[in-house]
Each structure stands twice: as C-alpha cells, then as structure tokens.
Amino acid sequence: MSSDTLKQKFSELKKEGLPALLTYTVGGDPSKDISLEIFKSIAESGADIIECGLGHSANIGDGAAIQDSTYRALSNGIQTDDVFSIIKSFKNEYSQDVIIMTYQNKIMSYGEKNFIEKCVASNVSGIICVDYPWPTNMSFADECKKNNITFIQLLSPTTSEERLKLILDDSHDVCYYISQLSTTGSKLKVSSEEILNKFNLMKSIAPEKNFIIGFGITLDTIQSIKDVDAIVVGSALCKEISRSVNESQNPATNIGNMVKQLKEKLTALIGF
Amino acid sequence: MSSDTLKQKFSELKKEGLPALLTYTVGGDPSKDISLEIFKSIAESGADIIECGLGHSANIGDGAAIQDSTYRALSNGIQTDDVFSIIKSFKNEYSQDVIIMTYQNKIMSYGEKNFIEKCVASNVSGIICVDYPWPTNMSFADECKKNNITFIQLLSPTTSEERLKLILDDSHDVCYYISQLSTTGSKLKVSSEEILNKFNLMKSIAPEKNFIIGFGITLDTIQSIKDVDAIVVGSALCKEISRSVNESQNPATNIGNMVKQLKEKLTALIGF
Amino acid sequence: MIELQKGIPLIDQHDEHGYWGGKFGGSQIAESLNYPIEELTREFEKLRHDEKFIAERDHYFKNFVGAPTPFIKLNNLTKYLGGAQIYCKLVSKATGGAHKAYNAVVHALIAKHLGKTFIGGDTGAGYAGKMLSMVSAHFGLKAKIFMGAKDIERQQINVFSMRSYGAEVVPVTSGSQTLVNAVSECMRWWTAENETAHMCVGSTVGPTIFVKICAWSTAQISREMKKQVIDEFGEIPKNMKLINCVGGGSSAAGFWNEWMDHDNVELIGVEAGGPEDSKKHAAPLTNSSKLGVLHGSTQYVIQDSDGEIEETESISAGLDYPGVSPLHCFLKETGRARYTSATDEEAIEAFKLVSRLEGFVSPSLEPAHAFAEAIKIAPNLSKDTIICVDSCGDSAKDAQIIAQRLGYKL
Amino acid sequence: MIELQKGIPLIDQHDEHGYWGGKFGGSQIAESLNYPIEELTREFEKLRHDEKFIAERDHYFKNFVGAPTPFIKLNNLTKYLGGAQIYCKLVSKATGGAHKAYNAVVHALIAKHLGKTFIGGDTGAGYAGKMLSMVSAHFGLKAKIFMGAKDIERQQINVFSMRSYGAEVVPVTSGSQTLVNAVSECMRWWTAENETAHMCVGSTVGPTIFVKICAWSTAQISREMKKQVIDEFGEIPKNMKLINCVGGGSSAAGFWNEWMDHDNVELIGVEAGGPEDSKKHAAPLTNSSKLGVLHGSTQYVIQDSDGEIEETESISAGLDYPGVSPLHCFLKETGRARYTSATDEEAIEAFKLVSRLEGFVSPSLEPAHAFAEAIKIAPNLSKDTIICVDSCGDSAKDAQIIAQRLGYKL
Ligand SMILES: Cc1ncc(COP(=O)(O)O)c(C=O)c1O
Ligand SMILES: Cc1ncc(COP(=O)(O)O)c(C=O)c1O
C-alpha cells in the first residue's frame, strides 16, 4: 500500500546515506498533458518522491513562483479531478510515490471522505495540507491513516518544543519541517546549522520519523542541508516552468535537467 | 454749470411732453476710440442724456450684457482716466449731459476728492454709484453738490415709503428709480402700472425732482412707461455693441440706429 | 441545532479550537503562523481585561476617533416612508469616515504592547488601510498596506491618504488584483515577518483571534448606542430592528453586539446582491455559497464546485468580498439574525433618497444597502416600530462611482 | 486710534452704519437689497436672543454638526518641535469636514424663520456650498449654489456632494470664473429673488449682517473649546497662542471669539502667501493691499491702482480670495491680533509633517498654513507656552492638488 512504499523508500535511501529528493510542481501546470510529461521527466531524472500541488487561488502559504504556476493551471481550467487523473496516469507507469500538497478548502469542497477515496484510487501516498494545522486536522489525518495514506504534519521554526512533541506524537511516518518563517520561494535566510539543529532535535524526539525539509532550497543551497531525511525543491522548479513557457521551450526537458543537477549535487557528496 | 444744464434739459423736455431718453454704455467699450464714436453717434441720434459706465469687475448690480461690455473694456486696458478723457473729448464737441455710473470701489480707489475734481474737469454732470447707498453716501453727495455735480440717489420697489421720503429729502434734482428687483438686463417683469404708480408716488412726495426709470427697458417696452421724466436703455445697447463686435460691424453706426428707433418710439407717441 | 448562549459575549462563544457553533471560524493557517497567533491570543486575552488598556482604548476612541458618534432620528425619511420610525447611527462621523478606525486603533495599541515595530494590513475600498495608516503614524509604527492593484487604481484618494500618513502601499498583482488577493498577500507577508511585525485584518474575518479583536473593537458602536437609545426613549423600545450592511461583517458585529440578549431587538444584515441583471453577487449568506475555508477560517464562501473562490460583483467596494465573518454564519444558523441582500440599483436609489431628504446623512454605498432594506420594510411597519440603520460610511469616497452611475459629470 | 472694547461681543462693536472702527464693513449694496438686508438684520437680532432659536441651533450643532469637536494635544509634533506644547482643535471633524457647517445651519434656520423657500450661496473650494446644500436638503429648502466654472472643474467631489443633496449648482463663467465672481453672481441672483429667497454668504464677508451671522455661528468653536481648555489645564493657561488660517476669516473669527477679552491669549492669523517665487498671494492683511469695497463691505482688498480686483494665487482654494473680513481688518488695526502669511511651500511641508507625525490629524491646505506658523515659532518658545491650532479642514479634499505637488500618482 502507498503508505508503506513511502516508508520503504526512506529506509532504502537511508541505507545509501542519501536524503530523499522531493520535487514540487503544480498539477496541471501548464496543462494536463505537459504536467504529466513533467512528472515523468522528473521521475526519470532521479527524484525520489513527487509532490504534486493541487492548486488553490487563495494559496496563502505560497510565494510568487508557485502562485504563477497555480494561476496558470487554474486559468487553463484544471480541476481537482484533472490532477487526480494526472497522478493516476503517472502512477500507471512510474513507481515513485506521489504526495499531494494542497489547501483545506480544496479538500473540504471535494468532501474529506471523497478526497481520501480518490487519493486511494489514484495511488496517492501522502497529503500535505498547508492550512490544516494540528490538532484540528486529527480526524482527517486518522481517516487518511485508515486508508493507508500518510498525512504529513507541518512543523515550523517557531513551533514550541511542547507543541512539537504533541504534533510528533500524533504524526504519521513522515513530517515536514518548514525551514524558515516565509512563504515558499523565499531566499534561504536561516543558516544550515539552525536547520540541522532543529532537525536533530526533532529526530531526538521521534527517531523513527522521516523529516522533509522545505522552503528556500535551490541548486545553491541544497548541499548545505543534505544531512536530513528529505529535501524539497519547489519554487525553483515552478520558476523554471514559467521561464520555459514564456520562452516557448519544453518545460519537461528543462525540468528534467534541473532535477538531474539537483540529484547530482546530492550524490556528489557521497563521493567524499 | 453741469448741474444746471441737467435741470434745464429736463424742463425743456417737459415742455415738449417728452421723457428724456438716456442711454447707458460702458466707457471704453470696445476701445477708447470706438467708445467715443459711439457716444457721438448716440448724441447725434437723439439721446438726451448720456450715461457712461465706469466699468468695475465686481459689478454686482449688473447682468450679463453689461458684464460683457465691462469685461471687454477692462481687458482692453481701459482705466478710470481713459473714461474721463473720453467724456472730456465728447463734451468738447457735444452739449448732451454726461452722467457717470460706477461702483464705490472705483471712486474710493481714485480718492473721492480727486474723483469729483476730475468729474468737474471732464464736464461730467452727474454720478450714479450702484453700491453707495443712502445714508452712507451723504458726505460724498454733499461734496458733489458743492462742485455742481448731481449725485443721483437710487430708489427701488422695496424701498419703504419712510426711507423713500428720507432719501428724497436728501437727494439732488435727479433720482433714479430701479423699476424692478433684478440686475440690469433682465426682462421687464413688473407691469407698467406698477412703475407708473410708484413714479406718481415719488412725484407726489417730491414734485420738483426728476425721476429716471431704468432696468428692463428695450424697444419693446419703452412706450409703456413714457409718462415719466426719463427712461434709460442700457443692456439692449451693450448687447448690440457685443453683437456688432462679434460680427465685425461698426458698433457706432448700429448703436446710432438703435437710439434713433428708441427716440422715434417716444416721439411717435406725441402725435396722438 | 446550534444555539446562541445568553450572558456570554458573542466573541467568546467559540469552542476550544475557535469554532463558533462547532463549525464556523478556527485558525486554519500555516504552522509558521501558529506561534504569533497563540502569542496574540494570549496577549489579547490579558489586555482586554486590563483596566489600563481599556482606558487607553477609550481615550483614543473618545478623543481621536470621536466617540460617541451621533444617534439621530431621520424625521424626513420617516415622514416620507410613513411607517416605522427611522433612526440612524452616524458611524460615518468616526475619524476617517467609517467604523474601521476602531479596529485599527486597537490593533495599533496591541502592536505597541507586543513591542512590534511594523504593522501590516489588507484593504479593499481603502478605508481599513487608510485608518491603519493613520493610527500607525500616530503610534510611530511603520505601516505596510496590501491592496489589489485594481483597487489602487479605483480608490486613489484613500491611497493618497495612506501615503500622506507615511505608509507603504504594496500593490498586489496576483489573481483578480482585489481584496481577496490583498488579504492573502498580507498573510504571506506576516508569515515571513511576524517576529517584528503585527498584522491587522480589516474585518471580522481571518483566524478566530482576528475575528474577536475586530468585533471587540467595533462593539464600541453598540455600547455607546445603547445609552443613546435609552436617552432617547427612556427605555429599550418594545419593537426595534437594527439594520446593517454586511461585507466582512465588522460593522454589523459592532452595531449588534450589546443587543444580542435582547430578543425583542431584531437584527437584519444586508449583503450586496450585485447588479440586478447579473448572476454575480457578494452575498454568501443570502445567495449561493458553500461552507469553506478562506483566509484561515471556516465560513460560507462564494466558490465553485471545485473550491475555487468565485468572482463577486457589487457596486460597493467595501462589500465586495466572497466570504463573510464566522460570527454572521453563526448568527444566521442560530436564527438570531436574519440576512437579506439589496441590489446595486436598490443601493443607489437608497443613497439618492436619503441624501436628498436628510442632507446631513449621505451614506456610502455600503450602508446604502442597509438603507435599501429599511426603505423596503418601513412603510408596512407600525409607527411604534423603531428601525435603526447603521450609516457606517460617507458617500464622498464613492463620488466617482455614483456620479458615473447617475450620469453626473465629475 | 481704533480700540477694541471689552465686554462687548466683537460682532456688535460696529457703528450705526455697520462699520467696525468707523471704517471696516458696512452694507455697500444696491438699493434693491436694502429691504431684505434690513429685514434680515431685524430678524437676526430677534433670533439671536430667542431661547428657542438658540436651543434649535444647539440641537443641530450637537446632533448633526457634531459639537463639540475634539481638542487634543499633538504629542508627537510637540516632541518633534521641542518647544511650546502644541494643541489642536479638530474642527475638521464637524460634519462635512470643516467649520462651514455652523454658518450653513444658522442660515438655513433663519431662512425657515423668514418663510423663504429658496436659499442661495456662493462657494469657492466647495465646502460652503456642500454644507449649505446638505443643510438645505435637511430643511427642505431649495438650494442654489453659485460656483466659478473653474472651481467646478477642480473641486468635483464637492460638486458631486451638492448634487447628491439635490442642490442646483450654477456655473459662473464671468471674469476669472472663481470665488470672487461666484459671490458677485450670488448677490445678483439675490437682488432679483429676495422676496422668496434667502442668501447665505460663505464667510465673514459681505454686508455687515452677513459678517455678523457668520461669526456668531462659528463662535461655537471657541465656546466649546474654552471649556475643553479649562478641562485640560484646570485654568486658562498663562501663555496661550491661538493660530488660525484666514481666508474670508470665518474660521479664525469663530476660533478666537470667546478669547477676545483674555489679553494673555495671543491671536495669530495666517494668510495665504502664495508660491515662494510668485508675487501673487492672497494675503491682504500681510502683503500689499488697499482699503476698498468688495461684495458690499469695506475691507482691505488686493487690487490695482485703478480699483480693479487683482488676481490672487494660493495652493489652498479656500484661502484664495482677494478680500478679508472687516472683523480682521479691525482686529489688525486695534492690534488685538497679529497677521502673517505662509507660502504654498511652507503649507505643503506642514501638511506632510503633521500627517506623518500625528496620523489622526491631516490638515487640508488651509489649516496647513496655520500649522506652518506653529512649526516656525514653537521651537523657540518655552515649554509652558500653549499653542492651539485650528485644524479646520481635512486633507482629503486636497488629495488631487497635494498628490500632484508631491509627485504621488493619483
Ligand atoms: C463603509 C463601509 N461599510 C462596510 C464595509 C464592509 O465591511 P464590514 O462588513 O466588515 O463592516 C466597509 C468595508 O470597507 C466599509 O468601508
Ligand atoms: C477648510 C477651510 N479653512 C478655511 C477656509 C477659509 O475661509 P475662512 O477664512 O472664512 O475660514 C476655507 C474656505 O473654504 C476652508 O474650506
């Protein structure tokens, strides 16, 4: 089942001493077909897990790059079902886990139960919901668990230790640590030490959980925090899609190249 | 002396059974030279007494026609001394009395004493000052009298009988009755009976004084009130000057023709 | 069945997660905002019971905002309509021209107490932004106002004011470039800057604590009006109706607050029905809408079947918002208040009628919606019915829009 | 030597012909206006001593105009200037945004008492016209507002208001098409219509009775402020300066009225000095001018050697008038008040400084002239000196002009 494959992936990578490389792009950006091609290209270029944005116009956690991608997808008429069908098509051919990242209103509008069923049917492994904080997300998270979908709790630099413990206590196998106070796509403004310290703290509280680190990660910054369980690159990719679209280039190819470079940066480190 | 010639004129006309025909035009409209020609033309066309406006921009007693004439004269740089010089030139050749009609600020600015002296020097017979009401005008009026200039008090339909008596008591030989509540140039909105009744009332109070009737008098209305001492036509003439200027015709000729018609209307009546 | 409780302030009738009636409200925010929101919640709970803070608030309300605003009878309108007696609370006389000043003052005081140096806020029509800028200048806070690029174009005089007060006006160019996007952008900014910055939400929307602070602030309106009503009538009238426009709902919440427990006082909220010949509107409680999460709280939202915010339409910039306060969702569901809407056309007619008959009262297009409802119902009501309309904005700010509509040259 | 008398209201210190100090004022009007002016004079003398009338006035001042307006300390400005303590009377919070409402209310009440159905008034910046329209709508009087065609172009929002209140706005196309011509035209209209119409002059200018009515009306400002001063300081401060802008002079006359007999209170009037690099101005008491008759009364008038009104220039529409109230001519000549001027540039700087420092106070360009003087003198004054500035207008009306000047986009 999906939840298990996610867990398995992490333990595989751990053996290799590598953090998982996660990519974030918006499902349906710039179109249903090209978006699917992008996912395939990402998968073939070495990404370990694929985060797929289910775009929402009131995406209050996102910066300009992801807003642009979202706006493009929504303007092209992409709906929730389109994103599920992209994921499903992708999963028919590829083994990489897919995590949906979205906003609460998208789930609520779809119906929480329907949404989970559809995730199961589309082979989705996990859900990140930006504006569905602990503890109000508990019943939904439980429902996910029952359906073998990992609900990924979010943690931030200002989450108190007490709250951290409570959330981790309630969390599934995978959690997401927001590396800094910002929306997506901001320059990394905290030091890698700070991030790693926090990562170590979380690990000490919940050694068995896997922590994805996101926000501010690009080709330039990815090496500095490689000692974590997983790293997401999102805005950098979304920006590349925008650039490709604007310059009438093939986004799938360009994104593939970028993912390759990211993967190389990570694997290059093992050589030492 | 000027004051005497005015009185004399009235008694001459009274013998003929005719009201005096007064014209009002703005001194210096449309220019110094043409204005003088207009006065000459008026004199030659049968006007008995000439009212010469000394234009003021805050002419709160005047309607659109006289405002236009005033604006034209002022825009052409006509100053108080220019108007005096026009009158003086006119009086060098013509015998008709000239009355200046103006506003208090023009006199105050010139200096009351200077103003009177200049009137004497220019052969002006009388002064009408729109916004210099009785009794505050008394010392100025006395000064005029001393210099043989007739200060012409104004009376209106709403002047109470008590005030009427007081004003007439203080007045010189000639007074001016404003026929209706309006600025200059309005259509005559009161009946000729009303005007004649008021005229008769004033005559009964001061039989020896001469009353000029003004406001609302045109070719169409002049016959209806011929049983008075004097009638002024102003706005109709000013409008004709504007028309002539706008259509590049000779205003002096046109005004002359208009004055002839007015005079004919008045004299035609004697035939019956 | 959701029920209203008596004797408990409306703003405190939520559950432990901040939901009124177990489902409206909440703090549906990114984890990064959890800490500042908890901090704010804690601090506000302390401050609202702190006598010194209350005194400070009252000092500013009285001397700077100008409390109490007048409560007057509209004799001419009453006579013209020939039914209920129409009264009016002239909230438009608050400094800046609307009720938005109350919330702005309280937020600035809180920011000072929290030791923040920056304050950010959203604005649509520009009132909330103007007043936050005004107050911030006074308190020496650096203000940052988020405003849709389209709104900046059409509400230039308020933008001018913000700049005069030294605020930075940030044009928001995403999406429809209006209020929805401005609120989103302001929340994004706060996510990044909350260590040194405080955020002010311009109405009774957003996460629970913002709903509470805003309604607590505008409650000044009904607090002072209750005294004025008793002064005028000697007692609370048997039969009273309080009519208020509802956009985000801050004005109505403040106008009604002290009357919650008086069952003989009917509360009527008027939403923006949009143009007569358009399907678009801004009336989530009256027309089609669905429960959803917008800007951090659960409420009725005008949205499509896929959860995307739909475009709204209203002649009144201040009511042109796809969501509505959880407080009003709650009041509707409990039956305590009834909600209806007025069209653009009805609002314009109401504006015309009131301005021409009353003179001293010339409502902006938001309260013109409330007047439209009063005009509809008053003729059929008994003469001992008292209708009170909250005239919470002045028409000057809508000059351009109204003039265009009525064919005046401007 | 002309002397001020103690214990007699300033407005009553004229002689039998209506001249203050034997030479300022009077009723220099056409004979046709003698009767209505006598009627008005008689009626006003009765009404101003009639308790019912006073009560009616106070009712409207309190409930509609919003008396008392706030009296507040400008802490930030005081600290910044580092000298005298700066206080401010926020007259801009009167309904409509300026002191013009007091005069308008009183004139409308008088018109009702005289049984007139029409009321006419002049306006420059549009405030006087707007407020007369507002009040007239309320009292069911048909209002006719005379306004220069040029002013109509540049003060469109106020024109919008007048039309909203149902007034007829008459464009005056003669002369410079500004206030001077509007006043003239209004007087012409009244000459023809005085049987059914009342006339309101928008400032303390015009024939004596209009000067008196206007100053009697705006005296409300100092009446309420005197109480506020005593509330604030416990007594009348030893060392107080009241600074007010002077256009026609109605605001200053009202701000100073109750303080005439307090010799320790210095009265400072600030006229419009015009642009720094221009010889034009609107400051007849400070710069070149000559005694003359304008709009029916004798006063200092900016005029040429031939008695023609000269063009004035000021960034502030409300101060852009070539004459000045006979009351101020009298106060200057008696030495009771001192007059000075501020340039356009100084006014703009004062506007900027006050808005940014104080927030709640954003003076329009007229009171910005008064603030400019306060800013000039305060730093060199002792800390126990109290400066009170009358902030008699709000900057919103000047948005266009200021924005253009400061290079804001609007
Ligand atoms: C005058 C006025 N009334 C009402 C509103 C609507 O907001 P709320 O429903 O929060 O009072 C606004 C918003 O800008 C407003 O400016
Ligand atoms: C705000 C304001 N202040 C001052 C003035 C100047 O007039 P006054 O000197 O009569 O107060 C005006 C005139 O329109 C005005 O609008």
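The values are calculated or read from the model by the stated rules, or taken from the named source; none is laboratory data. Computed from a predicted model, the values in this text were never measured in an experiment. Cβ atoms come from the backbone with ideal geometry, glycine included; neighbour counts cover every protein chain shown.
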### Message
Here is a check on your reading of the model: is D:Ile387 over 30 Å from D:Leu10 (Cα atoms), crowded, with 18+ Cβ neighbours inside 10 Å and either of a type in the set (A, V, I, L, M) or touching an Asp or Glu at 6+ places or on another chain (Cβ under 6 Å) (or both)?
### Response
no
### Task
Give the residue that is surrounded by the fewest Cβ atoms within 10 Å (Cβ to Cβ), with candidates limited to residues of the range C:209-258 that are within 16 Å of ligand 1 (Cβ to nearest atom) and among the aromatic types (Phe, Trp, Tyr).
C:Trp216
### Task
Among residues belonging to the range D:162-200 that are more than 21 Å from the chain's Cα centre (by Cα) and hydroxyl-bearing (Ser, Thr, Tyr), point out the one that is modelled with the lowest pLDDT.
D:Ser176
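Hey, can you tell me all the residues within the range D:44-66 that are among the hydrophobic types (A, V, I, L, M, F, W, C) and either within 10 Å of another protein chain (Cβ to nearest Cβ) or touching a strand residue (DSSP E or B) at 6+ places or on another chain (Cβ under 9 Å) (or both)?
Taking the range D:44-66 and keeping what is among the hydrophobic types (A, V, I, L, M, F, W, C), we get D:44, D:47, D:53-55, D:61, D:64-65.
Within the range D:44-66, D:Phe64, D:Val65 meet the criteria.
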### Query
Taking the range B:1-56 on its own, how many of its residues are in contact with a Phe, Trp or Tyr (Cβ under 7 Å, 6 or more places away or on another chain) and assigned to a helix (DSSP H, G or I)?
4
### Task
Name the one entry in D:Lys397, D:Lys352, D:Lys409 that is part of a loop (DSSP other than H, G, I, E, B), charged (D, E, K, R) and within 11 Å of chain C (Cβ to nearest Cβ).
D:Lys409
### Message
Pairs please, first residue from the range C:366-380 and assigned by TED's automatic domain parsing to the domain that holds C:Glu345 and of a type in the set (D, E, K, R), second anywhere and in a helix (DSSP H, G or I) and more than 16 Å from ligand 2 (Cβ to nearest atom), Cβ atoms under 8 Å, 6+ apart in sequence or on different chains.
### Response
C:Glu366/C:Ser251; C:Glu366/C:Gly318; C:Glu366/C:Leu319; C:Lys376/C:Glu346
### Query
In the range B:26-42, what residues are surrounded by 21 or more Cβ atoms within 10 Å (Cβ to Cβ) and either within 24 Å of B:Ser186 (Cα to Cα) or in contact with a strand residue (DSSP E or B) (Cβ under 8 Å, 6 or more places away or on another chain) (or both)?
B:Val26, B:Gly27, B:Gly28, B:Asp29, B:Ser35, B:Ile38, B:Phe39, B:Ile42
### Query
In the range C:43-57, what residues are surrounded by 13 or more Cβ atoms within 10 Å (Cβ to Cβ) and within 16 Å of C:Tyr102 (Cα to Cα)?
C:Phe44, C:Leu47, C:Arg48, C:Phe53, C:Glu56, C:Arg57
### Message
I'd like to verify a number: residues in the range C:131-159 that are assigned to a helix (DSSP H, G or I), touching a residue at least 24 places away in the same chain (Cβ under 8 Å) and not aromatic (Phe, Trp, Tyr), how many?
### Response
15
### Message
Please go through the range C:164-207 and give me each residue that is assigned to a helix (DSSP H, G or I), touching a residue at least 12 places away in the same chain (Cβ under 8 Å) and either surrounded by fewer than 24 Cβ atoms within 10 Å (Cβ to Cβ) or of a type outside the set (S, T, N, Q) (or both), ordered by number.
### Response
C:Leu179, C:Val180, C:Ala182, C:Val183, C:Glu185, C:Cys186, C:Met187, C:Trp189, C:Trp190, C:Glu193
### Message
Within the range D:276-286, does at least one residue satisfy the condition of being under 14 Å from D:Pro326 (Cα atoms), at pLDDT below 95 and either within 14 Å of ligand 2 (Cβ to nearest atom) or out of contact with any helix residue (DSSP H, G or I) (no Cβ under 6 Å at 6 or more places or on another chain) (or both)?
### Response
no
### Query
When you scan the range A:120-167, how many residues do you find that are hydrophobic (A, V, I, L, M, F, W, C), in contact (Cβ under 8 Å) with a residue 60 or more places away in the chain and part of a helix (DSSP H, G or I)?
1
### Task
Just give me the residues in the range A:66-79 being within 7 Å of another protein chain (Cβ to nearest Cβ) and in a loop (DSSP other than H, G, I, E, B), in sequence order.
A:Gln79
### Message
Just the residues that are touching a residue at least 40 places away in the same chain (Cβ under 8 Å) and closer than 23 Å to C:Leu10 by Cβ, please, taken from the range C:220-237.
### Response
C:Gln220, C:Ile221, C:Glu224, C:Met225, C:Lys227, C:Gln228, C:Val229, C:Pro237
### Query
Could we say that C:Ala125 is under 16 Å from C:Ala396 (Cβ atoms) and not acidic (Asp, Glu) here?
yes
### Summary
Inside the range D:208-251, the number of residues satisfying the requirement of being closer than 20 Å to D:Ala101 by Cα, assigned to a loop (DSSP other than H, G, I, E, B) and away from ligand 2 (no atom under 12 Å from the Cβ) is 1
### Query
When the range D:3-21 is examined, which residues are found to be part of a loop (DSSP other than H, G, I, E, B) and under 19 Å from D:Val205 (Cβ atoms)?
D:Pro9, D:Gln13, D:Asp15, D:His17, D:Gly18, D:Gly21
### Query
Can you tell me which residues in the range C:86-110 are more than 27 Å from D:Pro68 (Cβ to Cβ) and surrounded by fewer than 23 Cβ atoms within 10 Å (Cβ to Cβ)?
C:Ile110
### Query
Taking the stated definitions as given, is C:Gly83 part of a loop (DSSP other than H, G, I, E, B), in the same structural domain as C:Ser316 (by TED's automatic domain parsing) and more than 14 Å from ligand 1 (Cβ to nearest atom)?
yes
### Message
Would you confirm, using the coordinates I've provided, whether A:Gly63 is under 22 Å from A:Thr150 (Cα atoms) and either in contact with a His (Cβ under 8 Å, 6 or more places away or on another chain) or within 11 Å of chain C (Cβ to nearest Cβ) (or both)?
### Response
no
### Query
Quick one: D:Leu109 ticks every box in (1) at the interface with chain C (Cβ under 10 Å from one of its Cβ atoms); (2) in contact (Cβ under 8 Å) with a residue 40 or more places away in the chain; (3) not basic (Lys, Arg) bar one, so which box is it?
(1)
### From C:Ser288, C:Ser278, residue being within 14 Å of chain A (Cβ to nearest Cβ) and surrounded by fewer than 17 Cβ atoms within 10 Å (Cβ to Cβ)
C:Ser288
### Query
All but one of (1) touching a residue at least 40 places away in the same chain (Cβ under 8 Å); (2) under 12 Å from C:Phe210 (Cα atoms); (3) among the charged types (D, E, K, R) hold for C:Glu38; which doesn't?
(1)
### Task
Answer yes if at least one residue in the range A:221-242 is crowded, with 17+ Cβ neighbours inside 10 Å, among the β-branched types (Val, Ile, Thr) and more than 25 Å from A:Phe10 (Cβ to Cβ), and no otherwise.
yes
